[in-house]
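Worksheet: the structure to be examined is printed underneath.
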Amino acid sequence: MKATVAGAPVSFGVFELTPEGAETISPDAMMEALAAADYTGIDLGPLGFLGEDAALRARLDRFGMALAGGWVQLPFSDDEAFAAALPDLRAALRQFSVGAEAGTGALPLPTLADDGSALRRGAPGRGAEVDRLDPDAWGRLTDNVARAAAVVREAGFEPTFHHHAGTFVESPDEIDRFLADTDVDLTLDTGHLFIAGGDPLAAVERWGDRINHLHLKDVDLTTLRRVLAAGGGMPEVWSGGSFVAFGEGDIDLASVMTALDARGYEGWVVVEQDVLNGPDVALDAFVTARSADQATNRDALRAWV
């Protein structure tokens with residue numbers, strides 16, 4: 001498979017929802033752990049975490065890593081809020097340009113995602129039951145995705161769209177509708193697909209020609225179902241241990257990777273094991289465990305990349 005394996009700050013508890021007061025790993029320590037495990041790329045993480053402009057370029061160069069992409073969440077179904085959020089997209093694109101200059105592999109993919117709603121975020125996997133978009137709102141969503149994609153392409157990149165639990169593009173049916181109504185290809189996230197009741201192998205067969213980015217997770221479905229049955233939202237999914245190292249969960253990794261290989265997939269394989277480090281967890285122990293997990297995850301992929 002002609003793909004490049006990247007790690008991600010979320011695998012070390014670093015993302016936009018990291019609890020206030022929680023200690024977090026430094027960017028250098030994180031990249032050192034990923035480089036030691038033979039990752040050659042990294043996701044951007046929260047804007048500024050890896051540095052910006054010259055600092056970002058220097059850090060990528062120092063660890064010999066390319067920038068895989070990065071998360072840009074936008075309120076696509078709300079015209080006014082979407083317009084107000086466009087500067088965030090342009091700010092991220094400036095850093096993707098820095099990453100493109102530093103990297104030697106595939107270009108970073110700006111990873112667009114919908115903002116969803118409070119109702120949906122509180123009921124991951126059941127979005128259509130609790131907050132279904134009417135046709136006008138869906139039209140706004142797809143129109144604004146087209147506008148965001150134009151901004152991304154004008155900057156010299158190709159967008160990708162991340163289906164995500166708690167958003168308005170969550171379930172397999174919603175992904176079908178999104179792909180039918182837009183020209184933006186898909187980031188397949190195996191973990192979020194599990195949350196929405198989908199199957200990753202079936203997804204490769206169903207959407208393989210439209211998958212241009214991969215967020216690869218393993219999921220302990222027993223834990224996930226327990227969290228969701230108790231009424232947990234995404235913070236509880238992340239903090240409750242639903243995402244585990246490859247081989248400890250229920251993803252059929254070999255079948256998914258073999259199916260992607262058979263289709264000639266050549267994009268990024270971004271390994272994500274979303275975790276939250278709470279204020280009561282010792283940072284050193286947390287980092288040691290997360291670093292070991294990422295070495296396990298990288299080793300599990302060696303048959304393909």
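The values are calculated or read from the model by the stated rules, or taken from the named source; none is laboratory data. As the structure is a prediction and not an experimental result, all values here were calculated from the model. Virtual Cβ from ideal backbone geometry, glycine too; neighbours counted across all protein chains shown. The accessibility values were calculated without ligands, DNA or RNA, using every heavy atom of the protein model including side chains. Shrake-Rupley method; radii C 1.70, N 1.55, O 1.52, S 1.80 Å.
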request  = Return a yes/no flag: does the stretch 111-123 have any residue that is within 18 Å of P159 (Cα to Cα) and either in a helix (DSSP H, G or I) or touching a Pro at 6+ places or on another chain (Cβ under 7 Å) (or both).
outcome  = yes
query = Taking the stated definitions as given, is G45 on the phi > 0 side of the Ramachandran plot and buried (at least 23 other Cβ atoms within 10 Å of the Cβ)?
reply = no
message = Going residue by residue through the stretch 94-106, is there one that turns out to be among the charged types (D, E, K, R) and within 25 Å of E32 (Cα to Cα)?
response = yes
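Out of everything in the stretch 174-187 that is open to solvent by less than 60 Å² (accessible area, probe 1.4 Å) and touching a helix residue (DSSP H, G or I) at 6+ places or on another chain (Cβ under 6 Å), what residue ends up being farthest from G249 (Cα to Cα)? Outline the logic, then answer.
Taking the stretch 174-187 and keeping what is open to solvent by less than 60 Å² (accessible area, probe 1.4 Å), we get 174-176, 178-179, 182, 184-187.
Right, trim to touching a helix residue (DSSP H, G or I) at 6+ places or on another chain (Cβ under 6 Å) and you get 179, 182, 184-186.
Values: L179: 29, T182: 33, V184: 30, D185: 27, L186: 24 Å.
For the stretch 174-187, the residue satisfying everything is T182.
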request  = Using the structure shown, decide if R302 is closer than 20 Å to V244 by Cβ, free of Cβ contacts under 8 Å to residues at least 60 places away in the same chain and not acidic (D, E).
outcome  = yes
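Would you check if D43 is within 18 Å of E16 (Cβ to Cβ), acidic (D, E) and touching an Asp or Glu at 6+ places or on another chain (Cβ under 9 Å)? Don't jump to the end; show me each part of the working.
On the way: within 18 Å of E16 (Cβ to Cβ): yes; acidic (D, E): yes; touching an Asp or Glu at 6+ places or on another chain (Cβ under 9 Å): yes.
It is true that D43 is within 18 Å of E16 (Cβ to Cβ), acidic (D, E) and touching an Asp or Glu at 6+ places or on another chain (Cβ under 9 Å).
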message = So for the stretch 157-166 (the condition being surrounded by fewer than 21 Cβ atoms within 10 Å (Cβ to Cβ) and at pLDDT 95 or above), does at least one residue qualify?
response = yes
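Scan the stretch 10-19 and give yes if some residue there is more than 22 Å from P235 (Cβ to Cβ) and of a type in the set (S, T, N, Q), otherwise no.
Within the stretch 10-19, not a single residue is more than 22 Å from P235 (Cβ to Cβ) and of a type in the set (S, T, N, Q).
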query = Would a scan of the stretch 58-77 turn up a residue that is open to solvent by 10 Å² or more (accessible area, probe 1.4 Å), of a type outside the set (V, I, T), assigned to a loop (DSSP other than H, G, I, E, B) and within 25 Å of H192 (Cβ to Cβ)?
reply = yes
query = Can V244 be described as open to solvent by less than 30 Å² (accessible area, probe 1.4 Å) and at pLDDT 95 or above?
reply = yes
message = Can you list residue pairs whose Cβ atoms sit under 7 Å apart, with the first residue in the stretch 119-131 being within 20 Å of G191 (Cα to Cα) and the second being buried (at least 21 other Cβ atoms within 10 Å of the Cβ) and basic (K, R)? Count only pairs 6 or more apart in sequence or on different chains.
response = G127/R120
ask   = When the residues of the stretch 218-249 are filtered to those that are part of a helix (DSSP H, G or I) and touching a residue at least 40 places away in the same chain (Cβ under 8 Å), which remaining residue is farthest from the chain's Cα centre (by Cα)?
value = L228
ask   = Which residues, counting only those in the stretch 256-274, are open to solvent by 40 Å² or more (accessible area, probe 1.4 Å) and either touching a Pro at 6+ places or on another chain (Cβ under 7 Å) or not in a loop (DSSP other than H, G, I, E, B) (or both)?
value = T258, D261, A262
request  = Taking the options D209, D280, name whichever one is of a type in the set (D, E), surrounded by fewer than 17 Cβ atoms within 10 Å (Cβ to Cβ), part of a helix (DSSP H, G or I) and more than 15 Å from the chain's Cα centre (by Cα).
outcome  = D209
remark   = Filtering the stretch 234-258 for residues that are over 17 Å from Q273 (Cα atoms) and among the small types (G, A, S) leaves a count of 2
